[in-house]
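Reviewing the structure listed below.
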Amino acid sequence: MGFIVAFLFPRLPGILVTRGKGFNVNFPPHPEPIPLSPHLTQRVLHMRMFYWLGLIVSFIPLFFGLLSVKWGNVPFGFGLWLSSGWFILSRLQTFIGGPKPPWTLDMAQRLQIISNQVKSDSKCCESISPEWLLSGIYCTVCKDKLDDMPRPDLGRKRSDGFFMGVIRLIASDGNPFFTSDDKKIDTDNYESE
Ligand SMILES: [Zn+2]
């Protein structure tokens, strides 16, 4: 019981806070592609904030776990302590070369750079209209791929229902279901040979 409580607790901000209707009026419903806009960049930054907020919040069950082991129900406290301790360790991995969080400042900056192309000379076509699909950012008009960045969960109410949605979010931690196309350089070399 303690393990489950401490498991869900730090994940709740990212799972619940942004799913309400009022939060998503500027976005098409999940799982449709999202047009690039300042709202989208802001959403990435919000998701990033909730992700790191989870780390701070997880110190609460860690603390209560310690109290409970000392003065209360020992198995419950140990469960709290183990689960939140594991969560904190896994999030801190980022700083020693572990996997990157699903939402980063770099991601928000890349979105902004692509949005700026609409006004620049390097655009793909006259009526450029970039949209974020699961596997990357594409222009809806000429179907050009503008960026390889796969789309993580963006806090919209999920089309697979609350229950399945929560299970998927917990399983993926918000990470995209596609992996970034890092092997592109290899295939380019292969083609030139
Ligand atoms: Zn285009």
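Residue by residue, here is whether (1) basic (Lys, Arg); (2) over 14 Å from the mean Cα position of the chain (by Cα); (3) over 27 Å from residue 154 (Cβ atoms) holds:
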residue	(1), (2), (3)
39	no, yes, no
73	no, yes, yes
92	no, yes, no
98	no, yes, no
102	no, no, no
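Can you give me the number of residues within segment 118-134 that are among the β-branched types (Val, Ile, Thr) and either in a loop (DSSP other than H, G, I, E, B) or buried (at least 18 other Cβ atoms within 10 Å of the Cβ) (or both)? Even if it seems obvious, please write down each step before you answer.
Within segment 118-134, the subset among the β-branched types (Val, Ile, Thr) is 118, 128.
From what's left, either in a loop (DSSP other than H, G, I, E, B) or buried (at least 18 other Cβ atoms within 10 Å of the Cβ) (or both): 128.
Looking only at that region, the number is 1.
Could you list, in sequence order, the residues of segment 119-134 that are aliphatic (A, V, I, L, M) and within 8 Å of the ligand (Cβ to nearest atom)? Steps first, answer last, please.
Step one: filter segment 119-134 for residues aliphatic (A, V, I, L, M), giving 128, 133-134.
Across segment 119-134, the qualifying residue is only 128.
Figure legend. Inter-residue proximity from segment 45-74: first residues under 20 Å from residue 15 (Cα atoms), second residues β-branched (Val, Ile, Thr), beta-carbon distance below 6 Å, spacing 6+ or different chains. Indicated pairs: 58/88. Restricting segment 135-156 to residues that are crowded, with 18+ Cβ neighbours inside 10 Å and of a type in the set (Lys, Arg), the residue that is farthest from the ligand (Cβ to nearest atom) is 156. None of 151, 168 is at pLDDT below 90, under 14 Å from the mean Cα position of the chain (by Cα) and outside any strand (DSSP E or B) except 168. In this structure, does residue 115 turn out to be small (Gly, Ala, Ser), within 14 Å of the ligand (Cβ to nearest atom) and surrounded by fewer than 14 Cβ atoms within 10 Å (Cβ to Cβ)? Judged against the criteria, residue 115 is not a match.
The values are calculated or read from the model by the stated rules, or taken from the named source; none is laboratory data. None of the values given here were measured: they were computed from a predicted structure. Glycine gets a Cβ as well: all are built from the backbone with ideal geometry, and neighbour counts include every protein chain shown.
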